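What follows is one structure encoded as structure tokens, with my remarks underneath.
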Amino acid sequence: MRPDSSTESAVAFGAEAGRDSEYARRLDRMFWQQVDEETRLNDLASMQAEQPLSLFQTLPANFIQFTAKLAPLTLLLRGATDIVFWRQPRRTVAAMCIYSMYCLRPNLLMATPLALAIAYILFTFFNSTYSREEVNNSLALSTGVQTLPRRLGSGLFSIVPLGGSSASTAVEPAQKPGN
């Protein structure tokens, strides 16, 4: 025998009512959590608004941060103006040569990253202490001439100075044990 359909619907209604009431309690709990969170945020905002604005402390600090972030751009613009206004003639001529090279042969733009990478590797190697020690040792072994150490701050382009000799290229003969 089948049970009465009215008893089945009453049981189903009770189960749905139980689920609905659980759902309503969950929504109510989430609502009050959200209200508490918004109240906490409003209290925090009102506390921050009550603090006086200190322009004598925040403005200089913010300006220092602003200028520090713009320093690379400032250096780039200063270098560009130095080139355009011929304040550094060697760099201006070099920039003109590079620009004309790219105008005459635009395909060289594709090789520029590789050339820059090779130049960086060579520049860092020749300015390292390893290369100086290696060159000094090989020169001393092959010719008997020992070089003087280079000055601090002398770079790749100061190896052959214009108009005279410097301490970075000076060599002196090695002392022989018999003398």
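Against the test of being closer than 26 Å to D82 by Cα and either modelled with pLDDT of 85 or more or open to solvent by 90 Å² or more (accessible area, probe 1.4 Å) (or both), the options L116, L122 yield a single qualifying residue, L116. The listed residues are L73, L59, and the only one of them that is assigned to a helix (DSSP H, G or I) and modelled with pLDDT of 85 or more turns out to be L73. Sub-9 Å Cβ pairs linking a first residue in region 78-99 that is within 21 Å of T112 (Cβ to Cβ) to a second residue that is surrounded by 11 or more Cβ atoms within 10 Å (Cβ to Cβ) and among the hydroxyl-bearing types (S, T, Y), at least 6 apart or interchain, are I83/T92, ordered by first then second residue.
The values are calculated or read from the model by the stated rules, or taken from the named source; none is laboratory data. None of the values given here were measured: they were computed from a predicted structure. For neighbour counting, all protein chains shown are included, and Cβ atoms are generated from backbone atoms with ideal geometry for every residue, glycine included. We work out accessible area using only protein heavy atoms, side chains counted, and drop any ligands, DNA or RNA first. Shrake-Rupley method; radii C 1.70, N 1.55, O 1.52, S 1.80 Å.
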